Amino acid sequence: MKTYDAVIAGGGLIGASIALELAARGLRVAILDRQDPGREASWAAAGMLSPAADLVDFPPLAPLSKASAAMYPSFIAEVENLSGSKTGYRMCGAVEAFFGIAAGQERDARVASIRSFGLEAETVSIEKFRQFAPALSAGIEAAAVLPTEAVVTPRDLMQAMLAACRNQRADIFPGCAVQRVRQRRGCVAGVETETGDIAAEIVIIAAGSFSSLIPGLQGYAPTSPVRGQMMALRHPGPAISYTLRSERGYVVPRSDGLVVAGSTLEHTGFAKEVTTEGLQQILEAAIELASNLASAQVRDTWSGLRPDTPDHLPILGGCEINGLIFATGHYRNGILLAPITARVIGELVLHKKPSLDLSAFSPLRFSGKANNTDTLPDRSKSPLEGVPS
């Protein structure tokens, strides 16, 4: 039987980031994925690194989002250095567009809200901004500028992350779904998989939408899939070098000249079809933002499954089963929150108090049990003893 210090169920960006964090600390780490790692939500994402996007609707995300965005430059530098690969990361800024007679008031309220979270946002007259952003549609009545927002190419980042993990001696097992978490006297003992048992005293559940399908974990990780359809476009005219978004959709630039447009929010189970209705919705929103996209070439279409939770907040932390830790349910923010998730989960594994308060994200909040998961109980004989912190 193979034995590791930590086994991670799920090989997307969240799971791989945690694996890299732990492997860098000298732990023996295994990543188990039901298919090829990185081929679910991470592969389908647009790559916006926007800490402001969801804060109005989900204020508890603010500390995580801000901390993770601040970590991204060093996070990317480490991954690119360890892998020798580029990730498409760049700080290009974002423009939020507003339409209609109340556009100016809506823009001002939005800017005030973003600033209240300690993030940068600017109001610029639409006439002045069009001098620098000629791609903006004529129908836009007001715009807010978020100058410090960044983008990354998720598929490039995912491949670089997996290469970095391998170079740090983490083992990666594709086609190896976790069927059950093994326990012994209230402590994790490892996992059962389709190809055999693996022993470990730490098991981290980072399987996204599929976390709830692992027997016995539904009460801690009631994740569900929310389909998002996407498309890649190549357009004529002035290049779009910044993220554009509105209430209806977004357009994200890629370093290769393509733009990615999205997205839908569909509760369709685990079906990942692309539909004409979904693509029409995306195109209408994209053309409303940048009218020259009406003549763009459609270069690719796809869909992915966001891992949602009942309150739309991530699930982070331990539970009453010693050694069982959750890092799942990141919904629309998995790419953004990867660095901070890796840090706080690494701190839990090493029996350190997390850098941020995780109480709002506890897996115990769904069961009504005690909500104290900031630390994990020490064991008398832990494989983590002596691991450098």
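The values are calculated or read from the model by the stated rules, or taken from the named source; none is laboratory data. Bear in mind the structure is a predicted one, so any value in this text is a computation, not a measurement. Glycine also receives a Cβ, built like all others from the backbone with ideal geometry; neighbour counts cover every protein chain displayed.
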Inset, instruction - Take the residues in region 7-48 that are assigned to a strand (DSSP E or B) and touching a Gly at 6+ places or on another chain (Cβ under 9 Å), then tell me which one is nearest to Gly196 (Cα to Cα). - result: Leu32
Inset, instruction - Give me the pairs, please: first residue somewhere in region 77-100 and free of Cβ contacts under 8 Å to residues at least 40 places away in the same chain and over 30 Å from Ala142 (Cα atoms), second residue anywhere and among the acidic types (Asp, Glu) and not in a loop (DSSP other than H, G, I, E, B), beta-carbon distance under 8 Å, and either six or more positions apart or on two chains. - result: none
Legend entry - Selection from region 300-318 of residues that are within 17 Å of Ala207 (Cα to Cα) and not in a strand (DSSP E or B): Thr309, Pro310, His312, Leu313, Pro314
Inset, instruction - Report yes if some residue within region 84-99 is assigned to a helix (DSSP H, G or I), in the same structural domain as Ile240 (by TED's automatic domain parsing), over 19 Å from Arg254 (Cβ atoms) and not hydrophobic (A, V, I, L, M, F, W, C); otherwise report no. - result: no
Legend entry - Residue match in region 256-267 (condition: in contact with a strand residue (DSSP E or B) (Cβ under 8 Å, 6 or more places away or on another chain), among the polar types (S, T, N, Q) and under 23 Å from Arg110 (Cβ atoms)): yes
Legend entry - Evaluation of Gly10 against (1) without any contact (Cβ under 8 Å) to a residue 40 or more places away in the chain; (2) under 21 Å from Pro225 (Cα atoms) (one fails), failing number: (1)
Legend entry - Per-region count, region 157-207, residues hydroxyl-bearing (Ser, Thr, Tyr) and without any contact (Cβ under 8 Å) to a residue 40 or more places away in the chain: 1
Legend entry - All positions within region 221-240 that are of a type in the set (S, T, N, Q) and in a strand (DSSP E or B): Ser224, Gln229
Inset, instruction - Would you be able to tell me the number of residues in region 342-363 that are surrounded by fewer than 18 Cβ atoms within 10 Å (Cβ to Cβ) and small (Gly, Ala, Ser)? - result: 2
